[in-house]
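Structure first, then comments.
The values are calculated or read from the model by the stated rules, or taken from the named source; none is laboratory data. Keep in mind that this is a model prediction, so the values were computed, not measured. No Cβ is skipped: glycine too gets one built from the backbone with ideal geometry, and neighbour counts run over all protein chains shown. We work out accessible area using only protein heavy atoms, side chains counted, and drop any ligands, DNA or RNA first. Shrake-Rupley method; radii C 1.70, N 1.55, O 1.52, S 1.80 Å.
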Amino acid sequence: SSGINAEWPLRPGTFISRFSDSGLTSDLIHLLGDLCNEKNIVRLIFEDCELDDWVLLSKVINQTRIYHLGFHSCTVGDEGTARISQLLTSTASIASLDLVDCKVGCAGIAALGVALMQNTSLKSLNLSKNPFLPKGAVLFFRALKGGNSTLQFLSLANTCSGNVQVIMMICALLLRNTVLSHLNLNNTGLSDDGVTLISESLAHNTNLSSLCMSSNGLEDGSAHEIAVTLADKNSIQHIDLSCNNMTQTGMHVLIQSSTVQGQMRRLDLTSNKITPRQYMVLVKAVEDLALVGVVVF
């Protein structure tokens, strides 16, 4: 049966809703809006929900003070994303939006792009586990390259599957955007060629502080490209290269470059291709360079 499940205390002002079977009825939507206002809810998260009445849901949300709106594994699709995009242009309260594994297609991504051209409040956007194709991505990345963008955190993990056109758009974003500080490209099929393009763009970027490229099949060639970039840049403080195919050689180059860079706080090289003996050699290198607590294996 359908129902609201509020899990307290999770975080002050947080409400998680889970619905099944008949989904989110109009009565429950009204109840949800009343509850958000009565309890001063500012973080609203839907998980595994069947969402049908987007007109009513968006109207109710627009009357609340929600700053974080999350949808995880919900039936959002392009229609729902279009409604959410309208919310971004009509309310200034939403600063964080998650659309994780919500079947957002080209039309939905494009709708978000149109909204972001007008929105000046959104700081965080998580689009992980949605198909990210060039047709919808053009407007999206154009919005983020514009002077009005306030987005600081963007997650595209498990999205573009190595699509060269999308990767090129990401590179153009890094060249033009002056606000984005955190970018998650985990499991996006970058490969070594993609990392070469990303590294070239990073050479001209001065605002990105965190970059995640885990699970992309990266090898030592990528390690060298990234090392050169790190040696020339001072803004990146966290880089995640875990679960790739780098060997001791590439990892050692990265460790050396992090000392030159000087601002690195965390370099994650967990689960790459090294033997226990090589692990000990790298641990000693970290200790010799006084990087204990910075590099993780």
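Of the residues that sit in the stretch 214-249 and are in a strand (DSSP E or B) and open to solvent by less than 40 Å² (accessible area, probe 1.4 Å), which one is nearest to Pro276 (Cα to Cα)? Show your work before the answer.
To start, the set of residues in the stretch 214-249 that are in a strand (DSSP E or B) comprises 238-240.
Checking which are open to solvent by less than 40 Å² (accessible area, probe 1.4 Å) leaves us with 239-240.
Values: Ile239: 23, Asp240: 21 Å.
If we take residues in the stretch 214-249 being in a strand (DSSP E or B) and open to solvent by less than 40 Å² (accessible area, probe 1.4 Å), then Asp240 is nearest to Pro276 (Cα to Cα).
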Legend entry - Filter result for Ile274 (open to solvent by less than 50 Å² (accessible area, probe 1.4 Å) and part of a strand (DSSP E or B)): no
Legend entry - Residue within the stretch 90-109 that is open to solvent by 20 Å² or more (accessible area, probe 1.4 Å) and closer than 23 Å to Ala172 by Cα present: yes
Inset, instruction - Check whether at least one residue in the stretch 175-189 is assigned to a helix (DSSP H, G or I), in contact with a Ser or Thr (Cβ under 7 Å, 6 or more places away or on another chain) and within 26 Å of Leu127 (Cβ to Cβ), and report yes or no. - result: yes
Inset, instruction - Keeping to the stretch 111-125, report how many residues are in a helix (DSSP H, G or I) and open to solvent by less than 20 Å² (accessible area, probe 1.4 Å). - result: 4
Legend entry - Neighbours by Cβ (under 9 Å, 6+ apart or cross-chain): first from the stretch 43-61, free of Cβ contacts under 8 Å to residues at least 60 places away in the same chain; second open to solvent by less than 40 Å² (accessible area, probe 1.4 Å) and among the acidic types (Asp, Glu): Ile45/Asp98
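Could you tell me which of the residues Gly147, Gly108 is free of Cβ contacts under 8 Å to residues at least 12 places away in the same chain, of a type outside the set (A, V, I, L, M) and under 25 Å from Leu69 (Cα atoms)?
Details: Gly108 fails: free of Cβ contacts under 8 Å to residues at least 12 places away in the same chain.
From the options Gly147, Gly108, the qualifying one is Gly147.
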